[in-house]
Every structure is written in C-alpha cells, then in structure tokens.
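The values are calculated or read from the model by the stated rules, or taken from the named source; none is laboratory data. Because the structure is predicted, anything quoted here is derived from the model rather than measured. As a convention, Cβ positions derive from the backbone with ideal geometry for all residues, glycine included, and neighbour counts pool all protein chains shown. Note: areas computed on protein heavy atoms with side chains; ligands, DNA, RNA excluded. Shrake-Rupley method; radii C 1.70, N 1.55, O 1.52, S 1.80 Å.
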Amino acid sequence: MIDLRSDTVTRPSAAMLDAMMAAETGDDVYRDDPTVYALEVEAARLSGKAAALFFPTGTQANLVALLCHCQRGDEYIVGQQAHNYKYEAGGAAVLGSIQPQPILHAADGSLPLADVAAAIKPDDFHFARTRLLSLENTHHGKVLPLSYLEQAWTFTRERKLALHIDGARIFNAVVEQNVELEAIARYCDTLTICLSKGLGTPIGSLLCGDEAYIEQARRWRKMTGGGMRQSGILAAAGLYALKHNVARLKDDHDNAAWLGEQLSAIGVEVINQHTNMLFVKVPTEKVEALKSWMQSGDVLISVGPVTRIVTHLDVSRQDLQRLVAHWQAFLQQ
Ligand SMILES: *Cc1c(COP(=O)(O)O)cnc(C)c1O
C-alpha cells in the first residue's frame, strides 16, 4: 500500500520504537518525567526560545497558544485557509471566546501586511481587541520567505501584536531554506511544531515560547486535558525524530519535485509543488474513476478536482515509480 494522503500517516520505525522502549519515564504532570523534560529542553534550544511544552496534538498546542495570547473578546488575525482557523473545529471561538479575523493568503502563503494592517480594529468598545497575528509555515507546502517574516516581526512590534507561527511543518522550511530553526523562530513570539508529520513520530507536538508564557500554557494544557503522565515514551520518539528525521526531509522534497515532473510528462496537469506537497488537477468527470483506479492499485490518495499528494518517510522513489506507471495506465485505458 502506498499512502500519499498526508505525512501524518507515517509509522514509527523499528529504531524509533527501540528508543521508545528504552525511555526513562516519570509522571509529567508532577514534572518528573526526564524524557519529556529532555525533549522540551531540546525544543527550546533548537527554537532559541526559553521554554517549550509537549502536547499530544498540534491542534491542542495551537489552541493553547491562542488561549494564552488572547482573552475573551480578543481576536487573532489568521489566514482564511490556515489550519488554526479552518481545521481545528473552531476551538478558539468555542473554548476561548476568541474571535478569528481571517484574511486571504497571498499566492506565496503569506498574509500581506497591508491587509493585516487593514484588519486591525481601532481601540474602541465597538470592536474586539486585536491581539495576535498567526502565520502558518509551511502553508500548503510553501515556505514563508525569511524577509517576509522579518517584516511581519517588525510590523507586529510596531502595532503591539503578538506573533504566533503554526509551524506544524516548520522543519520542512528549515531544510528547504537550509537554516537553523532559530533563524526562523527569532521572528515569532511563539511557535508550534508537529512531531507526528514528516518527522515520523506516532504522537506529539511542541509549543515554544518564553518562560512565563509556557507556564501559562501548562495550566491551559491541563485544563484542556493534555496533561499526560508517563509520556516519556512518546517524548523519546520525538527526541529520536529531531535527531534522525530532520535532514532526510530533503528526500521528501526531492521526491515531490520528481513526482511532479513525471506526472506532468505523462499529461497530468500540475498546479504546484513546494517542499513535500504536490497539487495536481483532475478533470471533474474523471475524479470518481481515478479514485477507484487508485484503490484497485493499492494507492491511498485523496483524489479530487484538486488532488493533494504528500510525500514522507514511508514513501520511496520506487513507490512513486509504481504510482506513475499506475496513473499512466489509467490515462491510456
Ligand atoms: C497537522 C497540522 C496541525 C495539527 O494537527 P494535529 O493533527 O492536531 O496534530 C496544525 N497546523 C497545521 C498547519 C497542520 O498541518
């Protein structure tokens, strides 16, 4: 089976499972799980922030990030297609009484600062209080340029907004830009990182920020049910991933680029490809037929008029060769 629906489908490798089996654990709610502590220290070091906190999911880490930055009646400015606006069940509004102010992304995945400026509410009791700008990096595989992040950072300082980066796939940006995480994270107050996508762990996300912020986040994490006990088993997978699975993300990017070229060569319309994501067009009348064709060839892929294909550490170049041949056979029938 080839699974290209997402990079969340990656399974822990034998070596990762060994690291998990060997993990020293404690009770992390009592703050005495040494492996969770080690992971949080490592995340803080890599991001250049003072502290970090381990979460079961990225959704919860983003929710807690928003709950820390915004009070009831505050708002955050966010992309119309951002995960922490569109794909997190409205958690900030439901649980935090925080109003989202979505705006359109530019073609490169950024939020134009002129549009952000226009969305900031005046300090007047008619309006929600604008507190935060939330960016996503990478967004649909697109890496936000460092020059943009620097401008966004300066802008938010001037306008007294906090800046959060949903960096679920931030290490794809790190690898693509060939920089250290700190070179990106210096342009935000807080950062979330998913360990369970291209980094290949079964579970886990991190929220990085300053000490006071992370202490506040610890309370919200407990309140939202994310205080875990012998979670060192999971943190061990995270430590393993940060050590062994970052540099290899380059292979996923190369594979996505290669697949884009191959599909294009057999007549598939490629929309774009960035880092580990490839988007292609499928004629509407062919969608159902292609879906069953892929199923019959043991390929899991979310076929639609715009089909997203995601490469990851459990997909090899040979798998992709098989996919191209299978797709070509579909086109030739
Ligand atoms: C996957 C993802 C998250 C978090 O997802 P979980 O499945 O809750 O871990 C957050 N933001 C973005 C951009 C993501 O892709």
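State whether one or more residues within segment 212-226 are within 20 Å of Glu136 (Cβ to Cβ), touching a residue at least 24 places away in the same chain (Cβ under 8 Å) and assigned to a loop (DSSP other than H, G, I, E, B).
Filtering segment 212-226 for residues within 20 Å of Glu136 (Cβ to Cβ) gives 213, 217.
With touching a residue at least 24 places away in the same chain (Cβ under 8 Å) added as a condition, the list becomes 213, 217.
Then drop every residue that is not assigned to a loop (DSSP other than H, G, I, E, B), which leaves none.
No, segment 212-226 contains no residue that is within 20 Å of Glu136 (Cβ to Cβ), touching a residue at least 24 places away in the same chain (Cβ under 8 Å) and assigned to a loop (DSSP other than H, G, I, E, B).
Are any residues in segment 291-300 over 13 Å from Val324 (Cα atoms) and of a type outside the set (D, E, K, R), and if so, which ones? Selection gives Ser292, Gln295, Ser296, Leu300. Here the strands (runs of 3 or more DSSP E) wholly within segment 1-117 that include at least 2 residues being open to solvent by less than 20 Å² (accessible area, probe 1.4 Å) and within 16 Å of the ligand (Cβ to nearest atom) are 51-55, 74-79. Gly238 satisfies every condition listed in (1) surrounded by fewer than 21 Cβ atoms within 10 Å (Cβ to Cβ); (2) under 19 Å from Gly204 (Cα atoms) except (1).
Restricting attention to helices (runs of 4 or more DSSP H) lying wholly within segment 128-196, give those where 3 or more residues are touching a residue at least 24 places away in the same chain (Cβ under 8 Å) and surrounded by fewer than 18 Cβ atoms within 10 Å (Cβ to Cβ).
Here the list reads 146-158.
Looking at segment 131-155, which of its residues are under 21 Å from Val310 (Cα atoms) and more than 16 Å from the ligand (Cβ to nearest atom)? Across segment 131-155, there are no qualifying residues. In this structure, does Ile266 turn out to be more than 30 Å from Ala23 (Cβ to Cβ), outside the structural domain of Thr25 (by TED's automatic domain parsing) and open to solvent by less than 60 Å² (accessible area, probe 1.4 Å)? So Ile266 passes the test. For the residues Glu158, Glu180, the requirement of being within 26 Å of Val246 (Cα to Cα) and more than 16 Å from the ligand (Cβ to nearest atom) singles out Glu180. Of the helices (runs of 4 or more DSSP H) that lie entirely inside segment 232-314, those containing 2 or more residues that are under 17 Å from Leu331 (Cβ atoms) and either over 17 Å from the mean Cα position of the chain (by Cα) or acidic (Asp, Glu) (or both) span 249-265, 287-296.
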